[in-house]
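Any read-out appearing in this document is the output of simple, stated calculations on the displayed coordinates, not a laboratory observation. The shown structure was predicted, so the numbers you read here are calculated from the model rather than taken from an experiment. A quick note on method: Cβ atoms are made from the backbone with ideal geometry, for glycine too, and the neighbour counts reach across all protein chains shown.
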Amino acid sequence: MHNIILKRNNKFINGTVNLTGSKSECNRALVIEALSKGKVRVENVSDAADAVLLAGILRENQESRAKSQEVLAGNASPDNSEIENCKSEIVDIGPAGTAMRFLTAYYAIQEDEVILTGSKRMKERPIGILVDALRELGANIDYEENDGYPPIKLKGGFKQQTGQISIKGNISSQYITALLLIAPALPLGLELHIEGKLTSRPYVEMTLAMLETSGIKHTWEGNVIAISNQEFTTTSLYVEPDWSAASYWYAIAALADEAELFLTGLTPYSLQGDSVITEIMANFGITSQFRDGGVHLKKENKPISRREFDLKECPDLAQTVIVVCAALNHEASFTGLETLKIKETDRILALQTELGKMGVKLIEKDEVYTLDCSGKFIPETVFINTYHDHRMAMAFAPLALILPQMEFENGPVVEKSYPAFWNDLEKQGFEVVEKEA
């Protein structure tokens with residue numbers, strides 16, 4: 001493990017960036033592919049560590065199931081040791097939260113007996129709401145350590161008990177997506193009742209759109225999403241470049257004196273909710289023109305007037321937008337941040353701690369967060385703790401345009417969603433130096 005020293009000698013940005021495939025889209029597509037029994041193929045698989053991990057786990061599971069079917073059909077000899085291992089297979093997803101939620105639902109309807117576990121932080125991230133919903137449907141799931149948290153044992157033998165369940169809308173949308181992804185494979189289908197206001201609605205819409213492309217129909221009336229038992233159609237799912245990754249380049253453009261960037265492959269008709277970064281950053285003078293097979297960003301100097309940002313629909317942009325506002329001394333307020341406390345780290349506390357290193361306060365009152373930049377100062381060097389959170393590293397990196405030198409703990413943490421991040425910064429003129437931790 002190594003740290004990253006980051007510097008920038010000027011505030012002029014001009015260049016082209018090729019982004020990896022969307023982690024959010026890719027993870028959904030991989031589960032759809034696995035459930036489709038070979039009918040759906042994924043194109044432009046992301047090289048994000050989470051997606052690579054999920055793809056490998058699903059591939060091994062498919063190969064194992066195929067071998068078991070050959071044995072049952074009498075076309076292959078059973079290997080007793082392999083059969084014994086499969087009975088209590090341990091699947092370690094490390095820090096990959098999306099994989100934990102999606103695989104919980106996926107394995108709940110398989111015959112495999114699996115223990116799903118992960119990193120220390122993963123064991124602190126709640127899974128109880130999803131487990132309760134799956135148990136209600138008919139899944140056999142036990143907790144291995146603490147109730148409501150991984151690791152969990154999924155014991156197979158799924159027999160659907162009901163086709164109607166309710167789930168709170170103000171929790172992670174990944175719970176809802178996990179249930180929707182398996183819905184077509186449920187004998188009774190699924191009628192999902194969402195209680196209260198839905199958080200991160202664009203992520204649920206993304207899931208349904210990808211299922212639709214794969215031949216799965218749904219209805220969404222009021223707070224009820226219904227998907228019947230259906231077969232997937234033969235098709236391919238193309239994974240778009242990652243708008244979450246693009247957001248860091250928008251932030252860099254916003255903090256530059258002059259900026260012209262071309263981000264390849266992005267379109268204005270994305271399934272990704274984080275494409276709203278184009279509208280958010282327009283408030284900071286960044287124009288977006290879609291042509292030449294991507295988006296051209298340009299910085300125009302204009303006063304910032306917007307003071308309130310509701311990030312409920314795009315919580316993964318929260319760190320980026322808050323850091324940009326802090327850098328520009330823009331004392332805005334933010335809402336819709338409720339889910340940030342159960343991410344890779346408590347992102348609220350992490351933001352408060354790291355912004356405090358330059359005298360900026362993020363103050364909470366009744367779920368409204370306000371920046372106080374009155375005590376802001378520019379340190380000669382600042383050490384940024386990343387808390388094993390890829391977005392902490394990437395959201396704070398644009399500050400190299402206003403701080404003389406930055407050091408980031410655990411540089412490889414960005415591999416979770418954007419492995420080429422530090423290399424791309426270097427290509428665009430940032431000084432990037434690895435340092436032994």
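Computed over the chain with a Gaussian network model linking Cα atoms closer than 10 Å, the most mobile of G293, G356, G128 is G293.
Taken about its Cα centre, the range 156-249 carries a charge dipole of roughly 260 debye when the Cβ of each Lys and Arg holds +1 and the Cβ of each Asp and Glu holds -1.
Quickly estimate the mean residue ellipticity at 222 nm for the chain, helices only: each DSSP H run with n ≥ 4 gives -39500 (n - 2.57), and the total goes over all residues, rounded to 500. The partial results should precede the final answer.
Numbers: 13 runs with 142 residues, N = 437.
The per-residue figure over the chain is -10000 deg cm²/dmol.
What the pair-distance distribution of the chain shows, using all Cα-Cα distances binned every 20 Å from zero, is 25, 55, 19, 1 percent. How much length, in nm to one decimal, is gained on full extension between A437 and E212, taken as 0.36 nm per residue of separation minus their Cα-Cα distance? Stretched fully, the A437-E212 segment lengthens by 76.3 nm. In this calculation the C-beta distance from E279 to L328 is compared with R0 = 22 Å, giving a FRET efficiency of 0.80. If R0 is taken as 51 Å, the Cβ-Cβ distance between S374 and V224 corresponds to a FRET efficiency of 0.60. Projecting the Cα atoms of S24, N385, N223 onto the dipole axis of the chain, where Lys and Arg carry +1 and Asp and Glu carry -1 at the beta carbon, places N223 farthest toward the positive end. In order along the range 232-247, the phi-based Karplus estimate (6.51 cos²θ - 1.76 cosθ + 1.60, θ = phi - 60°) of 3J(HN,Hα) comes to 6, 9, 6, 6, 10, 10, 8, 8, 6, x, 8, 5, 4, 5, 4, 4 Hz; Gly and Pro are listed as x.
Evaluated with a Cβ-only charge set (Lys, Arg +1; Asp, Glu -1), the chain carries a dipole of roughly 620 debye about its Cα centre, given to the nearest 20.
Extension gain for D132 to E364 (0.36 nm times residue separation, less C-alpha to C-alpha distance): 80.4 nm. Here's the list of aspartates and glutamates a cross-link from K123 could span, going by alpha-carbon distance under 16 Å and ignoring same-chain residues fewer than 8 apart: D92, D142, E144, E145, D147, E344, D346, D389.
In the range 1-35, what trypsin sites (Lys or Arg not before Pro) fall in a loop by DSSP, with at most 11 other Cβ atoms inside 10 Å?
none
Take the Cβ-Cβ distance between N10 and N301 as r, set R0 to 22 Å, and report the resulting FRET efficiency rounded to the nearest 0.05. Mind dumping the intermediate values first?
Working: r = 17 Å, r/R0 = 0.76.
It comes to 0.85.
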